[in-house]
1. Going through the stretch 170-189 one residue at a time, which ones are open to solvent by 60 Å² or more (accessible area, probe 1.4 Å) and either touching a helix residue (DSSP H, G or I) at 6+ places or on another chain (Cβ under 6 Å) or under 20 Å from residue 107 (Cβ atoms) (or both)?
2. Which residues, taken from the stretch 38-54, are part of a helix (DSSP H, G or I) and under 11 Å from the mean Cα position of the chain (by Cα)?
3. Mind listing just one residue for me: the one in the stretch 142-169 that is in a strand (DSSP E or B) and among the hydroxyl-bearing types (Ser, Thr, Tyr) and, of those, nearest to residue 111 (Cα to Cα)?
4. Taking the stretch 132-164 only, how many residues are under 12 Å from residue 188 (Cβ atoms) and either in contact (Cβ under 8 Å) with a residue 12 or more places away in the chain or open to solvent by less than 80 Å² (accessible area, probe 1.4 Å) (or both)?
5. Mind checking which residues of the stretch 134-164 are of a type in the set (D, E, K, R) and either more than 15 Å from the chain's Cα centre (by Cα) or on the phi > 0 side of the Ramachandran plot (or both)?
6. Could you tell me which of the residues 139, 126 is outside any strand (DSSP E or B) and not β-branched (Val, Ile, Thr)?
7. Within the stretch 103-131, restricting attention to residues that are open to solvent by less than 70 Å² (accessible area, probe 1.4 Å) and among the polar types (S, T, N, Q), which residue is farthest from the chain's Cα centre (by Cα)?
8. Among all residue pairs at least 6 apart or on different chains, which show Cβ distances below 7 Å where the first residue, located in the stretch 173-198, is within 14 Å of residue 139 (Cβ to Cβ) and the second is modelled with pLDDT of 95 or more and of a type in the set (Asp, Glu)?
Amino acid sequence: MRHFIREFLRAPCATGAIAASSGGLASVMAEASRLSNANVVVELGSGTGVFTERILQKLSNGTVFFVLEINPRFVEKTRKRCPNVLIYNDCASNIKSYLKKHGFEKCDCIISGLPFGMFGDDQQRGLLGAISEALSPDGEFLTFSYVGAKLLPAARRFKRNLKKAFSNVSQLPVVWRNIPPAIVYRCLSPAKVDQTVA
């Protein structure tokens, strides 16, 4: 936790939390996704690598997976936790450039630990636009927000922006085991609506 507190105090808008996401939240997001069937997966904002570790456990052999993390200290923490992961110290908005670097135009799944509730409207819409453009027609995007922040203007704006960027946004049950408790959103790209998602 001390790493997150230090980074939060250093740059609260970039870190967004005083504690790493729990294994419970990481498991919920990994289980809610179609990682085992994905060919190309990207994680945005790995923090200390809690999500990264769960993602790696779910991937099939041959899946292309890489991470974008803007904080160099968290890049180091993620590499220490997951030595074999391919991680770039760069902004999530550059996802398309890294897909092209690996020979792809689109990816099948994006899992995000980015603190969208800390971002302004332009930054939220810009990032969500980049994410939506990077997804294949039947791709999926998983992210979360904190229960206690859902009434804040930025959090309400984020939910509205999610619904503008994706044709289907579903909300999973609250993950009470996280600090603070979190709401997971599963979003399907505009070209595909999955009627099986409640």
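1. 177
2. Once the filter is applied, which keeps residues that are part of a helix (DSSP H, G or I) and under 11 Å from the mean Cα position of the chain (by Cα), the stretch 38-54 yields 51, 52.
3. Just the residues of the stretch 142-169 that are in a strand (DSSP E or B), to begin with: 142-146, 168-169.
Keeping just the survivors that are among the hydroxyl-bearing types (Ser, Thr, Tyr) gives 143, 145-146.
Working: 143: 6, 145: 13, 146: 16 Å.
The selected residue is 143.
4. From the stretch 132-164, those under 12 Å from residue 188 (Cβ atoms) are 132, 135-142, 162-163; that's our starting set.
Still in the list and also either in contact (Cβ under 8 Å) with a residue 12 or more places away in the chain or open to solvent by less than 80 Å² (accessible area, probe 1.4 Å) (or both): 132, 135-142, 162.
Of the residues in the stretch 132-164, 10 are under 12 Å from residue 188 (Cβ atoms) and either in contact (Cβ under 8 Å) with a residue 12 or more places away in the chain or open to solvent by less than 80 Å² (accessible area, probe 1.4 Å) (or both).
5. Within the stretch 134-164, 138, 150, 156, 157, 160, 163, 164 qualify.
6. The conditions single out 126.
7. Among residues in the stretch 103-131 that are open to solvent by less than 70 Å² (accessible area, probe 1.4 Å) and among the polar types (S, T, N, Q), the one farthest from the chain's Cα centre (by Cα) is 124.
8. Listed by first residue and then by second, the contacts come to 186/140; 187/140; 188/140.
The values are calculated or read from the model by the stated rules, or taken from the named source; none is laboratory data. Predicted model only: the values in this text are computed from it and were never measured. Don't worry about glycine lacking a Cβ; one is built from the backbone with ideal geometry, like all the others, and counts go over all protein chains shown. These accessible areas exclude ligands, DNA and RNA; they are computed on the full protein's heavy atoms, side chains included. Shrake-Rupley method; radii C 1.70, N 1.55, O 1.52, S 1.80 Å.
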